[in-house]
Amino acid sequence: MTNVMREERPDHECAIFDHRYSVDEYAVAHTIAAYRISSLVPEFQLKPENVLDKFVAAFGGTDVDFPNHPTFSSAYRLVCSDQDEGVIRKMFSRSLCSLFEREQGWTIGGKGNWVGMYKHRILVESHKLSAFYEKNKGIAKAIESAARSVEC
């Protein structure tokens, strides 16, 4: 991790950093944003769905799909534990599916009070960090709101 920036306030905590890794000659780098939210979310991962994911799902891999949101279901693979599937379905079916139908290409993970997100192989340039921060904060707030609506 490099270029780590943190913001800590009583009502808000955020970290933005560049993450790089390599396996043999294959190198990947992207900018990640992580936000502490006020609602608890079950552990989940949302990522763009690829051909390999569709193959794995055909042989029993987990992928939470939404018949009322075919664009979302074909664009993303949403993974969670079997015990959390009901809560995740409620969270995403209310507004998050629509959000990610418009916002393509995100990889997002959530667990407890934290939500982290990035776009694969996208390093954000310094002059675009403010816009990146605001965009990601909006997504984190949408996830927080969806989690809060399920709690009620």
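Every read-out reported here was derived from the displayed coordinates using simple, explicitly stated rules and does not represent laboratory data. The structure presented is a predicted model; accordingly, all values stated were derived computationally and were not measured. Cβ coordinates were reconstructed from backbone atoms using ideal geometry, including for glycine residues, and neighbour counts include every protein chain displayed.
3J(HN,Hα) along the stretch 97-106, derived from phi through the Karplus expression 6.51 cos²θ - 1.76 cosθ + 1.60 where θ = phi - 60°, amounts to 4, 5, 4, 7, 5, 7, 9, 8, x, 7 Hz, with x in place of Gly and Pro. Computed over Cα pairs, the Kirkwood radius of the chain leads via Stokes-Einstein (1.002 mPa s, 20 °C) to a diffusion coefficient of 132 µm² per second. Which is the longest stretch in the chain that no exposed loop site breaks, taking sites as GluC sites (Glu not before Pro) with a DSSP loop state and at most 10 other Cβ atoms within 10 Å? The segment 26-124 is the longest one with no such site. Shown for the chain: lysine pairs separated by 8 or more places, or found on different chains, whose C-alpha atoms are under 26 Å apart, numbering 25. Once you've got the GNM for the chain with C-alpha springs shorter than 10 Å, pick whichever of A29, A131, A142 has the biggest mean-square fluctuation. Sorting by GNM fluctuation, first place goes to A131. For the pair Q83 and W114, label points projected 7 Å from Cα toward Cβ lie 2.1 nm apart. GNM on the chain, alpha-carbon springs under 10 angstrom: the most fluctuating residue among T31, T107, T71 is T71.
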